[in-house]
Amino acid sequence: EAQDLAAGEQSFKKCLPCHAVGEGATNKVGPQLNGLEGRKAGTIPDYSYSDANKNSGLVWSEAVFKEYIQNPMGQMPGTKMAFPGIKNETEINNLWAYLKQFGPDGKIK
């Protein structure tokens, strides 16, 4: 598992230009990603989400994330997330393992 988390942390560097995670994380071009697992899409305070995101009805889970991250604009037409996606299943699994460890307060669960 530790190796997966390390690989996920490396993969998160692709997300870092727009997103933050961990203690002290703040919204950037994209919202901070603390407490992602189980969170309703479009609900981080003080972030201006697209209507597509706010009205998507998505609740972030492993399955939803894994589908979304492959093609964000295809999965949620109208999203502001202009990211080509991650296609490699192992990389997606490692990234999810890394992200889901952070609670809403940014502390590792």
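Computed from the coordinates by the stated procedures, all read-outs in this text should not be read as laboratory data. These figures come from a predicted structure and were not determined experimentally. Cβ placement follows ideal geometry from the backbone for every residue including glycine, while neighbour counts extend to all protein chains displayed.
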Restrict the check to the range 40-57 and report whether at least one residue is under 20 Å from residue 5 (Cβ atoms) and out of contact with any Ser or Thr (no Cβ under 7 Å at 6 or more places or on another chain).
no
Flag for residue 33 being crowded, with 17+ Cβ neighbours inside 10 Å, touching a helix residue (DSSP H, G or I) at 6+ places or on another chain (Cβ under 9 Å) and part of a loop (DSSP other than H, G, I, E, B)
yes
Within the range 70-89, track down each residue that is out of contact with any Asp or Glu (no Cβ under 9 Å at 6 or more places or on another chain) and either in contact (Cβ under 8 Å) with a residue 24 or more places away in the chain or of a type in the set (Val, Ile, Thr) (or both).
76, 77, 79, 80, 81, 83, 86
In the range 3-22, what count of residues is obtained for those that are outside any loop (DSSP other than H, G, I, E, B), closer than 17 Å to residue 107 by Cα and either of a type outside the set (Phe, Trp, Tyr) or touching an Asp or Glu at 6+ places or on another chain (Cβ under 8 Å) (or both)?
4
